[in-house]
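In what follows, a single structure is set out as structure tokens and then discussed.
The values are calculated or read from the model by the stated rules, or taken from the named source; none is laboratory data. Model, not experiment: these values are computed from the prediction. Methodologically, a virtual Cβ is constructed for each residue, glycine included, from the backbone with ideal geometry; neighbour enumeration extends over all protein chains shown. Keep in mind that these areas ignore ligands, DNA and RNA; they rest on the heavy atoms of the full protein, side chains included. Shrake-Rupley method; radii C 1.70, N 1.55, O 1.52, S 1.80 Å.
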Amino acid sequence: MALIEVRPQGGASFSVQVDGQSFAVTAAGTLVTDLGAPDAVTLVRASFEFLLEREPAGSILPRFDLSLIERYFPGWPEEMRSLWL
């Protein structure tokens, strides 16, 4: 499993490092609440784990908002919610 480091950058912005690759991610507080995550850092990490199970890190967009994941993986919201039931 890849090492995923998530660092808050202020507001809804996060810097994510995965095996030497950098990503800039945003995660609105409403998304965190809607998905039932305990906090944004946990949601970002879980979302990257989800993505890395489905594609290599090099295929992940370097900058994106977490809500974009649903466009490519429609089951993402339900899987995230199931983590915190």
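Take the Cβ atoms of R54 and Q17, set R0 to 25 Å, and the FRET efficiency comes out at 0.85. Of the labelled figures (1) -0.46, -0.78; (2) -0.35, -0.70; (3) -0.57, -0.96, only one reflects log10 I(q)/I(0) by the Debye sum over Cα atoms at q = 0.13, 0.18 Å⁻¹ as derived from the coordinates, namely (2). Summed over the residues of the chain and divided among them, the accessible surface reaches 56 Å² per residue at a probe radius of 1.4 Å. Normalising the average separation of contacting C-alpha pairs (under 8 angstrom, six or more residues apart) by the number of residues puts the relative contact order of the chain at 28 percent. The calculated FRET efficiency for the pair Y72 and R7, based on their C-beta separation and a Förster distance of 25 Å, comes to about 0.55. Estimated purely from DSSP H runs of n ≥ 4, each contributing -39500 (n - 2.57), the mean residue ellipticity at 222 nm for the chain is -9500 deg cm²/dmol once divided by its residues. For the stretch 29-83, the carbon plus sulfur part of the accessible surface works out to 53%, probe radius 1.4 Å.
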